[in-house]
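The values are calculated or read from the model by the stated rules, or taken from the named source; none is laboratory data. As the structure is a prediction and not an experimental result, all values here were calculated from the model. Cβ placement follows ideal geometry from the backbone for every residue including glycine, while neighbour counts extend to all protein chains displayed. Each accessible area value is taken on the protein alone, full model and side chains, heavy atoms only, with ligands, DNA and RNA left out. Shrake-Rupley method; radii C 1.70, N 1.55, O 1.52, S 1.80 Å.
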Amino acid sequence: MQRHEVASRSWSVGGQVLGKAAVWRGAKVQMTAMVTHPSNLPAQVSSFIGREHELAEITDLLRSHRLITLTGPGGAGKTRLALQAARAEVGSFRDGVSLVELASITVPDLVCGSIMKAVSAPETGADSPLDTLSLFLSSKQLLLVLDNCEHLLNECAQVVAHLLARCPDLTVLTTSRESLGIGGERVLRVPPLDLPAPSASLTLDELLAFDGVRLFVERARAAEPSFRFTEVSATPVVDICRRLDGIPLALELAAVRVRGMGVAYLEARLDDRFKLLTGGDRSGEPRQRTLNATVAWSYSLLGERERVVLRRLSVFAGGWSVEAAEAVCAGDYVGEQGQLTISVDEVLESLTQLVNQSLLQLDQGTNHYRMLETIRLFGLQRLAEAGERDSLYQRHCAYYLRLAEDGASHFGGYGQQGWLMQLEHEHDNLRAALGWVIGLGHTGDAARLGLSLCRFWQLRAYQVEGLRWLQQIRALEAVSPLEARLRPRLLSAIGSLATATRQFDLAETCQTEALRLWTHACDHAGMAIAWREIGWLRFDEACVGDAISAAREALAHAEQTSDEWLFASVLHLFATASVESGQVDAALPALERSSTIWRSLGDLESLASSLAVHARAFEQQGDFERAKPVLAEVTRTVIQMGNAASLIGVYVGLLHLAMAEVERDANALDAARIFGLMIAWEEMTSAIDSPWLSLPFVVGLLEHLERRLGQEAFDMAVAEGKRMTPAGFLALVDRVTAPTPDQASPPPAAPPAPHDHLTAREREVLGAVAKGLTNAQVAQELTITPRTVNAHLTSIYGKLGVTSRSGAIRYAVSHQLG
């Protein structure tokens, strides 16, 4: 029966056919119901804010589905959203809307009785309550809202399935932290309220357009009428909203505290949020009156294994992979109920259960799991109470030390892009591991982890942060000196990052001491590294001649080793300095040799840097047409890999190309935009400008541009360059590197496919995984250990440029490698 349809036939109750008068009275009752649309929904006592997208989606779902379940973590606002959506639907159901509040029901058998009371169904002794309820609702066109089903999940599922099968015009809207899991159910996850991105620079009105900020501000005003959202208060307000994950309940509890402490002090106290955020609505459920009670309610519904895994997962910062969770969370736990053994396979099963119960989120794009910060802090408290905090952090640190060292071994060859992506995804965990091991004063492990991340920090423009970490590690030596083999490596790494951040005095001191230590040990590889880094220091100081001299010293030592990558890196320094000094003929052989080595090793990042220098060599020779396709190729490679370290070389080459076009009366705006990009790069990686920007020929180029464009147009173009997006940058590159008609160069040769570099055993492992086998099953099929399977998968991910098992499977299927 369609909504609003009035029956024109006789109808019966309990099998008794009614007469004409009764039929008329029944029709009259129905018509009255159509006008009044009965509802037991409570009146709103505060404004409902935001959720326009979710409300629209619920409205659409109610037109096409008979069972919709809103899921989400405690305090996410599922109840308020369901009630708001139900209010909008009262007029769409002939028999209105009935709300059943289940939070206070503790006995499963009372679910049916609660529904009967809410819909005013008569109680009879002849039939079971469920049959009586089904008969009563069989002719009703009703929206039934069941709120808070999670602790009565099985009973709710059985009752709802029974009613939907026997009541054709019944629609059910439920809220639960876990779906009911029955046929026909449509699940809608209720996310936290939207918040501005950390890097966003927005006006007050733009900030208030975000639901999370608007909710906090309105509730703070209600609690303290003198509160004002101003330029001063905006920063702590937004920080509060972010740190509370945009959870409506947490925001409302925090807003009440504005009355007594103000937003700045409130933000400073949020680390102790479970004690601070209390005193909610006294008329509400006890579990909704404090933030701690809300999270504890969800925690209490878990089985023992899931509770152990959840609190162990709290040591992760940001997201984490399945492999990381298995490594950290598997193992025995001895509690009050005895010993519980959690296997690797059971960790994955627990992750799935925790996602289903809205305590974790799975990012389908990266295949990484995440936990709201509030839940993580609750888990850390429970972990400490269980006496596992230190041991779990040690496991976490050990896993990420292995991950970082594996990644460092791949940076000079095939698979480096995959490792860069993986380390980027895991950066928050790597930071947490570094902070933990430094806090313990374990200088050796801290140095190993920091040194393994040094190249990642350089390639992804984390030089300032990386230098800060390495200096903290160096400070530990006052208590726990480093072993001899690590100390010069640490000093040289500090010097390298100091050079990148233009702290030349620090770089000089560290590289000189590293060179002394390596010389004393007769370590030719170390001496080559020290001289190479001294050469880059001199180059960045714009002392090109000294850079060439240092490169020659480095070459003499590199030739004494069998390290091809080291030798190529020194050649690259020599070539770069030679090109910028105008000695192109000396540079070209070094460029060719270093490029050949890097191609053979599969080091695309270093190859891109070499190609950028090739382009500069062509420009020095006046052959701009040969430089254009090379720079275009390099730019795409650099952006694809997210390699900020090579960008400055690209910018220099593009600037010279653009200036050449300016001389031919082409568009000078792009040249100014490129200069803006260079400034933005300098601001991102260091606190002061590069000495290169002060050289007379650079100053002359800029003065020429200013005269040609005019000061206002020049400044505007520079500002555009500073805030240019990757898409805008690629469009600029296309313009600057467009070949002159009839002088286009042939496209570069395609590189080998990533899977060409898999070993025979890695191909076998990938093929088995693509069939859907678990690590244990792969190990059994190939007669190897699960740990070996995991090691092969780590290598496979790196070589294929993927970061997860699902990514590897997709690659295998698309390339028919199964």
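Values computed for the structure shown
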| item | result |
| --- | --- |
| Flag for D60 being open to solvent by 70 Å² or more (accessible area, probe 1.4 Å) and modelled with pLDDT under 90 | no |
| Residues located in region 89-116, provided they are touching a helix residue (DSSP H, G or I) at 6+ places or on another chain (Cβ under 7 Å), of a type in the set (G, A, S) and either over 17 Å from T132 (Cα atoms) or buried (at least 20 other Cβ atoms within 10 Å of the Cβ) (or both) | G96, S98 |
| Subset of region 707-736 (residues that are of a type outside the set (S, T, Y), within 24 Å of the chain's Cα centre (by Cα) and open to solvent by 40 Å² or more (accessible area, probe 1.4 Å)) | R723, M724, P726, A727 |
| Qualifying residue in region 468-479 (condition: under 24 Å from S314 (Cβ atoms) and under 21 Å from the mean Cα position of the chain (by Cα)) | no |
| Identity of the residue in region 99-110, more than 40 Å from the chain's Cα centre (by Cα) and not charged (D, E, K, R), that ends up modelled with the highest pLDDT | L110 |
| Subset of region 557-587 (residues that are outside any helix (DSSP H, G or I) and among the hydroxyl-bearing types (S, T, Y)) | T561, S562, S581 |
| Every residue from region 166-186 that is under 16 Å from A118 (Cβ atoms) and within 34 Å of the chain's Cα centre (by Cα) | L173, T174, T175 |
| Within region 154-178, tally of residues that are in contact with an Asp or Glu (Cβ under 6 Å, 6 or more places away or on another chain) and of a type outside the set (D, E, K, R) | 2 |
| Some residue of region 349-368 being among the polar types (S, T, N, Q) and under 30 Å from A493 (Cα atoms) | no |
| Condition met for L133 (of a type in the set (A, V, I, L, M, F, W, C), open to solvent by less than 10 Å² (accessible area, probe 1.4 Å) and either without any contact (Cβ under 8 Å) to a residue 40 or more places away in the chain or out of contact with any strand residue (DSSP E or B) (no Cβ under 9 Å at 6 or more places or on another chain) (or both)) | yes |
| Filter pass, P168 being open to solvent by 10 Å² or more (accessible area, probe 1.4 Å), at pLDDT below 90 and in a loop (DSSP other than H, G, I, E, B) | no |
| Looking only at region 332-342, and only at residues there that are of a type outside the set (A, V, I, L, M) and in contact (Cβ under 8 Å) with a residue 12 or more places away in the chain, the one that is nearest to L430 (Cα to Cα) | Y333 |
| Test: residue in region 334-342 that is under 23 Å from E385 (Cα atoms), open to solvent by less than 60 Å² (accessible area, probe 1.4 Å) and at pLDDT 80 or above | yes |
| One residue from Q583, Q560 being more than 40 Å from the chain's Cα centre (by Cα), among the polar types (S, T, N, Q), farther than 13 Å from A617 by Cβ and surrounded by fewer than 24 Cβ atoms within 10 Å (Cβ to Cβ) | Q560 |
| Residues (modelled with pLDDT under 75, part of a loop (DSSP other than H, G, I, E, B) and under 31 Å from the mean Cα position of the chain (by Cα)) located in region 253-279 | L277, T278 |
| Count - residues of region 145-165 that are open to solvent by less than 20 Å² (accessible area, probe 1.4 Å) and over 32 Å from the mean Cα position of the chain (by Cα) | 8 |
| Single match in A590, A554 (criterion: free of Cβ contacts under 8 Å to residues at least 24 places away in the same chain, surrounded by 23 or more Cβ atoms within 10 Å (Cβ to Cβ) and part of a helix (DSSP H, G or I)) | A590 |
| Set L83, L70: member being outside any loop (DSSP other than H, G, I, E, B) and open to solvent by 10 Å² or more (accessible area, probe 1.4 Å) | L83 |
| Only one of A461, A447 that is of a type in the set (A, V, I, L, M), farther than 14 Å from A404 by Cβ and open to solvent by less than 30 Å² (accessible area, probe 1.4 Å) | A461 |
| Any strands (runs of 3 or more DSSP E) falling wholly within region 309-418 and containing at least 3 residues that are within 17 Å of the chain's Cα centre (by Cα) | 361-363, 368-370 |
| Those residues of region 758-794 which are open to solvent by 80 Å² or more (accessible area, probe 1.4 Å), in a loop (DSSP other than H, G, I, E, B) and free of Cβ contacts under 8 Å to residues at least 40 places away in the same chain, in sequence order | T783 |
| Test: residue in region 447-455 that is charged (D, E, K, R), out of contact with any Cys (no Cβ under 6 Å at 6 or more places or on another chain) and more than 28 Å from D603 (Cβ to Cβ) | no |
| Total residues in region 343-381, condition surrounded by fewer than 15 Cβ atoms within 10 Å (Cβ to Cβ), in contact (Cβ under 8 Å) with a residue 60 or more places away in the chain and of a type in the set (S, T, Y) | 0 |
| Options L566, L537; residue that is closer than 30 Å to P754 by Cα and buried (at least 17 other Cβ atoms within 10 Å of the Cβ) | L566 |
| Test: residue in region 418-428 that is open to solvent by 10 Å² or more (accessible area, probe 1.4 Å), within 26 Å of L482 (Cα to Cα) and not charged (D, E, K, R) | no |
| Residues within region 599-628 that are in a helix (DSSP H, G or I) and open to solvent by less than 40 Å² (accessible area, probe 1.4 Å), tallied | 18 |
| Odd one out for L491 among (1) at pLDDT 95 or above; (2) out of contact with any Ser or Thr (no Cβ under 9 Å at 6 or more places or on another chain) | (2) |
| Of all residues making up region 499-525, the number that are surrounded by 22 or more Cβ atoms within 10 Å (Cβ to Cβ) and either over 37 Å from the mean Cα position of the chain (by Cα) or at pLDDT 95 or above (or both) | 6 |
| Breaking point among (1) part of a loop (DSSP other than H, G, I, E, B); (2) closer than 30 Å to C156 by Cα, for L188 | (1) |
| Hey, F411 open to solvent by less than 40 Å² (accessible area, probe 1.4 Å) and closer than 24 Å to G331 by Cα or not | no |
| Of the criteria (1) in contact (Cβ under 8 Å) with a residue 60 or more places away in the chain; (2) open to solvent by less than 20 Å² (accessible area, probe 1.4 Å), which one S595 fails | (1) |
